[in-house]
Amino acid sequence: MQDLTSRLQWRHLRLIHAIDEYGQLSVAAEHLAITQPAASRMLAEVEQMVGQPLFARTSKGMVPTAIADVLIRHAGELLRGLASTADEVAAFGAGKTGRVRVGSVTGAAIAFVVPAVHALKQDVEGADVYVGVGPSDALMEGLLNGEYDFILSRVPNDLDPRLFEIMDWRNETAESLVRSGHKLTQIARPSITDLAGFGWVAQATGTPMRKAVEEAFLAHGVPLPDDIVTTTSLLVMIAYLQISDSIAPVSSEVGDLARSTGVGGIQSVSVQQPMVISPYHLIQRKSVTINPLAQRLRNLVVDGLSKPLA
């Protein structure tokens, strides 16, 4: 039996397990879709390998010997493991299991990623989904490093867009978050001029959001603020707004969320003049195949992006 591990095959284990289950060689052979003579030869092969009979033939059928009990027990474990592996592989191939990692700018995460993840979870409860939110430069770095399967982001000027598969896109517009009771909430349709004199809680200089707001201020002859707190954290923005008269430029999706939830006593203010931010895209690395679950989530995001703007 010293070379049993190299000679014993799956077909042998399936036969032994079937004989134990059905008690008859003919029935086991039929179950395995082989002839009875073939099953008999296969059983003889295993008995030759172990050097002992595996079944006693009685009037009640074939009864396993003690050594067969060992083989049957392990055969059952191995066959169940194989079946489980096959099911998991099939589920993975169908996008029913696995892990997906998506990165997004804040507005796109709220508008498209969150609904897509929710839709995916309705069908794949056990899906392992990670959503990272940040500025475009950090998202692109994460994509290049393999941290994300795909992202919703802008392509920074210092990166060659030919390195990526750049798909659907959306524009963003900016508005402002303020605390409840802020002076701006008492103006029905404030203008950009009305925003003058207030401090900002904003993203860093050079980011698309910051640039769009700065350009709108300058285009209307409104001086830029001297009092600025720089952060990428929405929670920090909200916390600071609650204790100050500052305003926080955010995407319209974030503004919609603030209006619908009344989060933290924060309100959203839309000015008369639209402040348009450069569009973001759905981006993947070229020549990199994402797993089926990630493909499913990406397709759900694409479905959302393809719908007309409200």
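The values are calculated or read from the model by the stated rules, or taken from the named source; none is laboratory data. Quick caveat: nothing in here was measured; it's all calculated off a predicted structure. Note that we place each Cβ from the backbone using ideal geometry, even for glycine, and neighbour counts take in every protein chain shown. The area values use the complete protein model at the heavy-atom level, side chains included, leaving out ligands, DNA and RNA. Shrake-Rupley method; radii C 1.70, N 1.55, O 1.52, S 1.80 Å.
General observations
- From the list GLN284, GLN295, the lone residue that is open to solvent by less than 30 Å² (accessible area, probe 1.4 Å), over 21 Å from GLY181 (Cα atoms) and either among the basic types (Lys, Arg) or not in a loop (DSSP other than H, G, I, E, B) (or both) is GLN284.
- Residues satisfying the stated conditions in segment 182-209, i.e. polar (S, T, N, Q) and either surrounded by 13 or more Cβ atoms within 10 Å (Cβ to Cβ) or part of a loop (DSSP other than H, G, I, E, B) (or both): THR185, SER191, THR193, GLN203, THR205, THR207
- So GLY61, is it on the phi > 0 side of the Ramachandran plot and at pLDDT below 90: yes
- Across segment 298-310, the qualifying residues are those that are modelled with pLDDT under 85 and among the aliphatic types (A, V, I, L, M), and the one among them that is least open to solvent (accessible area, probe 1.4 Å) is LEU309.
- Residue in segment 131-157 that is nearest to THR207 (Cα to Cα), counting only those that are open to solvent by 70 Å² or more (accessible area, probe 1.4 Å) and either part of a loop (DSSP other than H, G, I, E, B) or in contact with a Phe, Trp or Tyr (Cβ under 6 Å, 6 or more places away or on another chain) (or both): ASN157
- No other residue among ASP226, ASP160, ASP128 is surrounded by fewer than 15 Cβ atoms within 10 Å (Cβ to Cβ) and under 18 Å from VAL113 (Cα atoms) apart from ASP128.
- From the options THR231, THR261, residue that is surrounded by fewer than 15 Cβ atoms within 10 Å (Cβ to Cβ) and either modelled with pLDDT under 85 or among the hydroxyl-bearing types (Ser, Thr, Tyr) (or both): THR261
- Output for segment 35-77, where each listed residue is among the hydrophobic types (A, V, I, L, M, F, W, C), surrounded by 14 or more Cβ atoms within 10 Å (Cβ to Cβ) and within 16 Å of ARG7 (Cα to Cα): MET42, LEU43, VAL46, MET49, VAL50, LEU71, ALA75
- In segment 117-126, the count of residues that are of a type in the set (Gly, Ala, Ser), free of Cβ contacts under 8 Å to residues at least 24 places away in the same chain, closer than 20 Å to ARG296 by Cα and not in a loop (DSSP other than H, G, I, E, B) is zero.
- Residue among ALA216, ALA212, ALA174 that is surrounded by 16 or more Cβ atoms within 10 Å (Cβ to Cβ), closer than 20 Å to ASP256 by Cβ and without any contact (Cβ under 8 Å) to a residue 60 or more places away in the chain: ALA216
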